[in-house]
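Okay, so here's the structure we're looking at.
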Amino acid sequence: MIRFENVSVRYEEDAEPTLRNVNLTVPEGELVLLVGPSGVGKSTLLGAVSGLVPHFTGGTLTGRVTVDGRDTRTHPPRELADLVGTVGQDPSAHFVTDTVEDELAYGMESLGLAPGVMRRRVEETLDLLGLAELRDRPIATLSGGQRQRVAIGSVLTPHPKVLVLDEPTSALDPSAAEDVLAVLQRLVHDLGTTVLLAEHRLERVVQYADQVLLLPDAVMGPPAEIMSVSPVHPPVVALGRLAGWDPLPLTVRDARRRAGELKAHLEGRFPNPAPPAFEARGSGGGAPGFGKGRDRGLSLFLRRRTRPTAPTTPTTPLANVTALGVRRGRVEALRRVDLQVAPGETVALMGRNGAGKSTLLSTLVGMIEPTAGTVRIAGLAPHSTAPRELIRQVGLVPQEPRDLLYADTVAAECAAADADAGATPGTCRALVEELLPGVADDTHPRDLSEGQRLALALAVVLTGRPPLLLLDEPTRGLDYAAKSRLVAHLRTLAADGHAIVLATHDVELAAELAHRVVIIADGEVVADGPTAEVVVSSPAFSPQVAKILAPQPWLTVEQVEAAL
């Protein structure tokens, strides 16, 4: 179905090719997962299949890419539209209509399908992706996760032979992600659709893959075989490497079946409090039979990833929310929300797409005025405080980092951030280098990947060192190495007394970083407590290690490694 013949892609601003001499064949009716660190060319390879590379992105493509016999060099994207459906990292960039139902129908209208066929396929897609209740909603009013489902649905309705998806579950809650992946698997198995998928949250998708393509070397093979050598891998694989399991398990179910001996070694032990952030920690002596399979990749995965220690001394809350209510049009987005966040505390907001997490963050930063109740940040009412004064107390990194980025280069963006925050020149640039090593000063923010833009936006906000830091989906588009650097930096901020509130669907991030988890459903707080208590009791928000070793109280691989 898809063939790459000695394909290389080089962009004018890059000294080295993004893709080099790629040769591979993807058969019809398979789900192929692309893995590799950020910047190795996953999005470029996907774009070469859809024809966006080089017709839209520019650059030079050598070699030959064919999709169902069509050469992408001579067939621009519009001539591949009936064959290839594409969803990029930023689904909002694909929307051309105003409402959900119109967006689902637009691609079919462009292909000239009969009205009866379009109506049937729209209804099928609304049901498949759980969008029926949103059919008449303006897209502008949807949450980030809801928009992502609409974007996926808009490419499903024309029934393409090939689906190209870049980070399709990055903004979805765990349940919605499972639903989308189940739909993709059904298309592959029942209709013979070929799916190419790039995703950093491998814990969600690796078990669905027929084959895994590891970049930059373009090695393709069975998932277990590739995961055994991949520098990026999900927690279940990291635990398998730590325990020396062969073959490596890819699913929680397979790992549970093999975890009996490991659970016996851990019986009667409990996770220890975390050492200080950035403290180097040895791997420990290990338990008999559990040193096998350790490698450099695992040690990098575990490095500095330790459980946080919650503040132990009572202190005045930095953020104080009481009986908060927010109405947006006809929708009651928040109802009777109570929340207190102390200095040095990290709180994870979790819940379904559209539950009200982003609305709560927007209210805390003063972008939305409460309909009822009170919000106080360091004693200030955010919505009635002058922005220049409020920015010294609270900073928000939104889901769409480009909303904060307006300069033409990374260097200009950093210079503006230093000036706005009154910081020493070079402060923001140092943060960028810590979070995003190797990015040149003259790089335009729009040329960065979604994860790289997020890191740049985070550095811009952190330059002001606000006492309260708000993050909306902070790991979207980040690979495991970038996420590890982010976690290390956030732990340092918390240790210095900054309060952190993050809205996230990343259960692994909450498990290793948050002191508390607050679950929101339909605008109301339904759970608020220590991370271990809340996530373990919720199958949807429980990390992989907790599911594998239940009922024992382990949340992360590093906890297990330290105990062994």
Subject >> the range 416-459, residues that are among the charged types (D, E, K, R) and open to solvent by 60 Å² or more (accessible area, probe 1.4 Å) >> reply: Asp420, Glu433, Glu434, Asp441, Asp442, Arg446, Asp447
**OP:** Take the residues in the range 143-168 that are modelled with pLDDT under 85 and open to solvent by less than 10 Å² (accessible area, probe 1.4 Å), then tell me which one is farthest from Arg352 (Cα to Cα).
**Re:** Gln148
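If a residue has to be open to solvent by less than 30 Å² (accessible area, probe 1.4 Å) and touching a residue at least 40 places away in the same chain (Cβ under 8 Å) to count, how many in the range 24-46 make the cut?
The first filter runs over the range 24-46 and keeps only residues open to solvent by less than 30 Å² (accessible area, probe 1.4 Å), leaving 24, 26, 29, 31-36, 40-42, 44-46.
Imposing the further condition that a residue be touching a residue at least 40 places away in the same chain (Cβ under 8 Å) reduces the set to 24, 26, 29, 31-36, 40-42, 45-46.
Here the count works out to 14.
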Subject >> Given (1) in a strand (DSSP E or B); (2) without any contact (Cβ under 8 Å) to a residue 60 or more places away in the chain; (3) more than 30 Å from Leu478 (Cβ to Cβ), number of the condition His75 does not satisfy >> reply: (1)
Original post:
Just one of Arg465, Arg453, Arg476, Arg485 is more than 12 Å from the chain's Cα centre (by Cα), part of a loop (DSSP other than H, G, I, E, B) and touching a residue at least 24 places away in the same chain (Cβ under 8 Å); which is it?
Top reply: Arg465
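Among the candidates Leu196, Leu134, Leu187, Leu172, single out the residue that is crowded, with 24+ Cβ neighbours inside 10 Å and over 15 Å from the mean Cα position of the chain (by Cα). If you could, list the steps in order and put the result at the bottom.
Values: Leu134 fails: crowded, with 24+ Cβ neighbours inside 10 Å; Leu187 fails: crowded, with 24+ Cβ neighbours inside 10 Å; Leu172 fails: over 15 Å from the mean Cα position of the chain (by Cα).
Result of the check over Leu196, Leu134, Leu187, Leu172: Leu196.
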Original post:
List, please: which pairs have Cβ atoms under 6 Å, are six or more places apart or on different chains, and start with a residue in the range 122-138 that is under 18 Å from Met108 (Cα atoms) and end with one that is of a type in the set (Gly, Ala, Ser)?
Top reply: Val122/Ala105; Thr125/Gly153; Leu126/Ala132; Leu129/Gly153
Subject >> Any pair with Cβ under 6 angstrom, 6 or more apart, that starts in the range 8-23 at a residue that is within 17 Å of Asp442 (Cβ to Cβ) and ends at one that is in a loop (DSSP other than H, G, I, E, B) >> reply: Tyr11/Gly59
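Considering only residues of the range 436-450 that are outside any loop (DSSP other than H, G, I, E, B) and of a type outside the set (Lys, Arg), which is nearest to the chain's Cα centre (by Cα)? Can you show your working first?
Here is the first cut: in the range 436-450, the ones outside any loop (DSSP other than H, G, I, E, B) are 445-447, 450.
Checking which are of a type outside the set (Lys, Arg) leaves us with 445, 447, 450.
On the way: Pro445: 19, Asp447: 19, Glu450: 10 Å.
Per the stated criteria, the residue is Glu450.
Matching residues to (1) open to solvent by 40 Å² or more (accessible area, probe 1.4 Å); (2) not β-branched (Val, Ile, Thr):
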| position | (1), (2) |
| --- | --- |
| Gly354 | yes, yes |
| Leu361 | no, yes |
| Val365 | no, no |
| Gly373 | yes, yes |
| Cys414 | no, yes |
**OP:** Kindly indicate whether any position in the range 525-548 is over 21 Å from the mean Cα position of the chain (by Cα), part of a loop (DSSP other than H, G, I, E, B) and at pLDDT below 90.
**Re:** yes
Original post:
How many residues does the range 382-433 contain that are part of a helix (DSSP H, G or I), of a type in the set (A, V, I, L, M, F, W, C) and either touching a Ser or Thr at 6+ places or on another chain (Cβ under 6 Å) or in contact (Cβ under 8 Å) with a residue 60 or more places away in the chain (or both)?
Top reply: 4
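The values are calculated or read from the model by the stated rules, or taken from the named source; none is laboratory data. In this text the structure is predicted, and so the values were computed from the model without any measurement. Using ideal geometry, Cβ is built from the backbone for each residue, glycine included, and neighbour counts are taken over all protein chains shown. Heavy atoms of the whole protein, side chains included, go into the accessibility calculation; ligands, DNA and RNA do not. Shrake-Rupley method; radii C 1.70, N 1.55, O 1.52, S 1.80 Å.
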